[in-house]
Amino acid sequence: MAALAYNLGKREINQHFSVRNAKLLALGAALLISACHGLFWGYSSHGDDTCRYLISSGRFLGENVWQPYSCMMHKYKSSEAGTCLRDQHLTFVGDSRIRQLFYAFLKILNPQIKEQGIKHENIPFEDTRNRVRVDFLWYPEVNGSMRQCFQALVESPSSKPQMVVAGAATWSIKMNNGSAESLAQYRTNITDIEPVLGKLADGSDVYWMLQDPVYEQQLSDSRRMITNRQIDEYNEVAAAILNGTNRKSKSNIKIFSVSRLVSEETIEQSLDGLHVPEISRDINAMILMNSFCNKVMKPIDGSCCQPTPTVTIIQKLAASFFILSIGAYVAISIIQRNKHRKNKMCTDIESGEEKKPPTVTPAASTLEVALFSFSKLGLIMAYFYFCDRANLYMKENKFYTHSSFFIPIIYILVLGVFYNENTKETKLLNRDQTDEWKGWMQLVILIYHISGASSFLPVYMHVRVLVAAYLFQTGYGHFSYFWLKGDFGLYRISQVLFRLNFLVVVLCVVMDRPYQFYYFVPLVTFWFMVIYGSLALWPQITQKKANANNIWYLGLVLKFSLLLLCIYVLSRSQVSFQKIFSLWPLSKLFELNGEVYEWWFRWKLDRYAVFHGMLFAFIYLALQKHQVLFEGKGEPLFSTKVSNILLFFSVVSFLTYSIWASSCKNKTECNEMHPTISVVQILAFVLIRNIPGYARSVYSSFFAWFGRISLELFICQYHIWLAADTKGILVLIPGNPMLNIIISTFIFVCVAHEISHITNDLAQILVPKDMSALTKRLLCITSFFFTLLFLSAVQH
């Protein structure tokens, strides 16, 4: 009964939730969400809104980790802060709380600085190296003296600061014992100050700090009159007057109210109940730095206050191409529909009866298929652009917790077990099994990326093995194909290169990213060419040729040895490696931010994985040829005794690697060992998965489905699931993280699946089997790439 219910449940789900219906639902959700965001933000002013939300709202993701509402906050290093503030003059005006913020801000510039100034006097600071001047001016009350201070800053162009941070109120409450007259005087004084501050804000960034709450139980007797109710009343007065609520025109003065939200969570850590703890000061200082510097430095992981990136020449041409494709497809569809309508009912002249034409629909022409594919791709690329370039959607920083990584892993494991079926064949690493392997690895990598689990070293090391396993499969699969079929033709290599690179090339154009940014595709493409070159270059050695004459096996061993030697030599000389890949036009493929270091790091990290895959494929095929393996349904791969011994050693090896990865001290040490020992866990997994006959006879169709679109999932995540070039998380549904991740994931998976179909359709058209047509297409593609290189050089 349980098995029957299980099968009926799967059948019911599959019947009502087809891929086509899912894609239509995803399309509707994307359009609705886009419309809501466009209407809510008033799209053109979204960049300003992120600045406003940065200094007014947010939440704690975890202890000491602040998340602004709608955007990402960059953590500035001292070198970055110095670059941003070079030749700048900044001024902090106010009481002891502002002085605390002043020192917290200085510590971003210089972490070694100490609070050495006299408490109730002005404190100057100057960074001679970066020519940065930061002053603290002691004005603990909002009165005529503070007004004169601001007036002096306005009237002295030579000393006018680029940023002013001011605030005060607690002294007024304390000195007047929290009287109503004091509040009325505060209203009068701040009304007098507002016009002067407004003039200062016309040419400078002016922030008025609302008062943080106090921890009343901790206050000394002399400060008992400073209550949170009093502070709220003073804040309401300041906000109403300074932000222009009482006037028709809105003021340029920025009300810095986010500090109150931060302090509400941390004020209990205050030493005296009045002054906020260090964590609050540091967060407020970093918020100020983001507000002032993001528009200058434009950090990838700091989306707050950043304007929309300028559209490049190449992006404009790409948009024009997609618009023309959509227009042409619509025009052809209308023409075809009109023809069909005219021929729909034809009159028989002799009988006077109407006859219907044959119901067989003519096959779509190659041009129609191509235009339809490019039209769909154009709409998808528009979604990519709006998600990660146009600031239409919100973005948030990642924050790792063990539950955010391991709970989704458990979910997908349960789903993977639920959807299991018998394999079509029971050979080692059969197609169903490799698709399953790619699928669950890709899902784990996706969860790893969105949860920010790279900060947890054991998880980082195991995910590094998954990347190595992908490359292992690359070596295994392509070697097996070339070795068994001996097909080194131009069509085969063109098909593989097209399928690997099509989406990435389109994204490089649309998203204005370098090719190396999508590092995995260059890595797989490079190693495919290495495999092809190793086997295709003279002498070409295939299984058929080697079976005819065993001497060719020696030739293959020599090729393996030469390949291993080349990998080893290149890995020992970073300078030589970088010189090779810095040559034009290779540099255009492998440079990132003007350097090939990232390519060197990625290549070196998994340099032996493909070689291990090729060697494993050769050994496996040799054992298979000599009938050493038992690959029948339900049979163990070897004899019972050998199978048990290998299983035991595989389990021990698998666990040993995991223990080592969990005890590794740092990433540098782990990465040094990883290239040579990652194969241990890969081989252990392969043997554990394939030695038992029952395990080899079943597979998870759930994981296999994702495995068939694993490449698209890996690439698409960069812009429509993650955000800010993978540094953050895309927020389609603000205020509800769980619902947001469900909807964004659903749309993301549907888009990846559709792109996989588009790639397959276009591959048949752009890479035909006919050699003459293929040669022409390759010439056109080559011309396209050289045009891209030329346009890239022009726009830079």
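Okay, here's what the table says:
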| read-out | value |
| --- | --- |
| Search result, residues across the stretch 174-191 that are touching a helix residue (DSSP H, G or I) at 6+ places or on another chain (Cβ under 6 Å) and closer than 28 Å to Phe292 by Cβ | Tyr186, Ile190, Thr191 |
| Residue within the stretch 536-550 that is aliphatic (A, V, I, L, M), farther than 22 Å from Phe611 by Cα and open to solvent by 70 Å² or more (accessible area, probe 1.4 Å) present | yes |
| Number of positions in the stretch 672-698 that are among the hydroxyl-bearing types (Ser, Thr, Tyr) and open to solvent by less than 20 Å² (accessible area, probe 1.4 Å) | 2 |
| Positions within the stretch 197-237 being over 23 Å from Met175 (Cβ atoms) and assigned to a helix (DSSP H, G or I), in sequence order | Gly198, Lys199, Leu200, Ala201, Asp202, Gly203 |
| Pick from the stretch 776-785, criterion open to solvent by 60 Å² or more (accessible area, probe 1.4 Å) and more than 29 Å from the chain's Cα centre (by Cα), ranking: nearest to Leu589 (Cα to Cα) | Thr782 |
| Those helices (runs of 4 or more DSSP H) lying entirely in the stretch 587-671 with at least 2 residues in contact with a Gly (Cβ under 9 Å, 6 or more places away or on another chain) and open to solvent by less than 50 Å² (accessible area, probe 1.4 Å) | 609-625 |
| Unique match (being more than 39 Å from the chain's Cα centre (by Cα) and surrounded by 13 or more Cβ atoms within 10 Å (Cβ to Cβ)) among Pro124, Pro140 | Pro140 |
| Within the stretch 437-464, tally of residues that are open to solvent by less than 10 Å² (accessible area, probe 1.4 Å) and touching a His at 6+ places or on another chain (Cβ under 8 Å) | 1 |
| Candidates Ser561, Ser582 - the one that is modelled with pLDDT under 95 and either over 20 Å from Phe528 (Cβ atoms) or out of contact with any strand residue (DSSP E or B) (no Cβ under 7 Å at 6 or more places or on another chain) (or both) | Ser582 |
| Residue, nearest to Gly693 (Cα to Cα), within the stretch 402-454, restricted to residues that are among the charged types (D, E, K, R) and in a loop (DSSP other than H, G, I, E, B) | Lys427 |
| Options Leu713, Leu730, Leu762, Leu788; residue that is at pLDDT below 95 and either of a type outside the set (Ser, Thr, Tyr) or under 28 Å from the mean Cα position of the chain (by Cα) (or both) | Leu788 |
| Filter pass, Leu730 being outside any helix (DSSP H, G or I), of a type in the set (A, V, I, L, M) and over 24 Å from Arg607 (Cβ atoms) | yes |
| Long-range neighbours under 7 Å by Cβ, at least six apart or interchain, first residue charged (D, E, K, R) within the stretch 306-323, second surrounded by fewer than 14 Cβ atoms within 10 Å (Cβ to Cβ) and in a loop (DSSP other than H, G, I, E, B) | none |
| Selected residue (only one of Tyr481, Tyr448 is more than 20 Å from Leu762 (Cβ to Cβ), free of Cβ contacts under 8 Å to residues at least 12 places away in the same chain and of a type outside the set (D, E, K, R)) | Tyr481 |
| Qualifying residue in the stretch 266-281 (condition: open to solvent by 10 Å² or more (accessible area, probe 1.4 Å), among the acidic types (Asp, Glu), over 21 Å from Lys107 (Cβ atoms) and touching a residue at least 40 places away in the same chain (Cβ under 8 Å)) | yes |
| Number of the condition not met by Lys395 [criteria: (1) in contact with a Leu (Cβ under 8 Å, 6 or more places away or on another chain); (2) within 30 Å of Val510 (Cα to Cα); (3) part of a helix (DSSP H, G or I)] | (3) |
| Tally, over the stretch 112-127, of residues that are modelled with pLDDT of 90 or more and either among the aliphatic types (A, V, I, L, M) or part of a loop (DSSP other than H, G, I, E, B) (or both) | 5 |
| Every residue from the stretch 138-180 that is at pLDDT below 95, among the small types (Gly, Ala, Ser) and within 14 Å of Gly198 (Cα to Cα) | Ala152 |
| Lone qualifier among Thr759, Thr726, Thr745 - being of a type in the set (Ser, Thr, Tyr) and within 19 Å of Val496 (Cα to Cα) | Thr759 |
| Positions within the stretch 159-196 being crowded, with 16+ Cβ neighbours inside 10 Å, of a type in the set (A, V, I, L, M) and in a helix (DSSP H, G or I), in sequence order | Ile173, Leu183, Ile190, Ile193, Val196 |
| Yes/no for Ile33 being at pLDDT 85 or above and of a type in the set (Val, Ile, Thr) | yes |
| Filter result for Thr423 (open to solvent by less than 60 Å² (accessible area, probe 1.4 Å), in contact with a strand residue (DSSP E or B) (Cβ under 7 Å, 6 or more places away or on another chain), in contact (Cβ under 8 Å) with a residue 24 or more places away in the chain and of a type in the set (Val, Ile, Thr)) | yes |
| Failed criterion for Tyr215 (all others in (1) under 17 Å from Gln100 (Cβ atoms); (2) of a type in the set (Ser, Thr, Tyr); (3) modelled with pLDDT under 95 hold) | (3) |
| Failed condition for Tyr393, given (1) within 25 Å of Ser70 (Cβ to Cβ); (2) modelled with pLDDT of 95 or more | (2) |
| Condition met for Gln473 (in contact with a strand residue (DSSP E or B) (Cβ under 8 Å, 6 or more places away or on another chain), of a type in the set (S, T, N, Q) and either crowded, with 20+ Cβ neighbours inside 10 Å or part of a helix (DSSP H, G or I) (or both)) | no |
| Any pair with Cβ under 6 angstrom, 6 or more apart, that starts in the stretch 564-575 at a residue that is open to solvent by less than 80 Å² (accessible area, probe 1.4 Å) and ends at one that is of a type outside the set (A, V, I, L, M) and part of a loop (DSSP other than H, G, I, E, B) | Ile567/Arg607; Ser571/Arg607 |
| Test: residue in the stretch 729-737 that is on the phi < 0 side of the Ramachandran plot and in contact with a Cys (Cβ under 7 Å, 6 or more places away or on another chain) | yes |
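The values are calculated or read from the model by the stated rules, or taken from the named source; none is laboratory data. Quick caveat, the model's predicted, so the values are computed rather than measured. So basically every Cβ, Gly included, is an ideal-geometry build from the backbone, and we count neighbours across all protein chains shown. Calculation scope for accessible area: heavy atoms of the full protein, side chains included, ligands and nucleic acids excluded. Shrake-Rupley method; radii C 1.70, N 1.55, O 1.52, S 1.80 Å.
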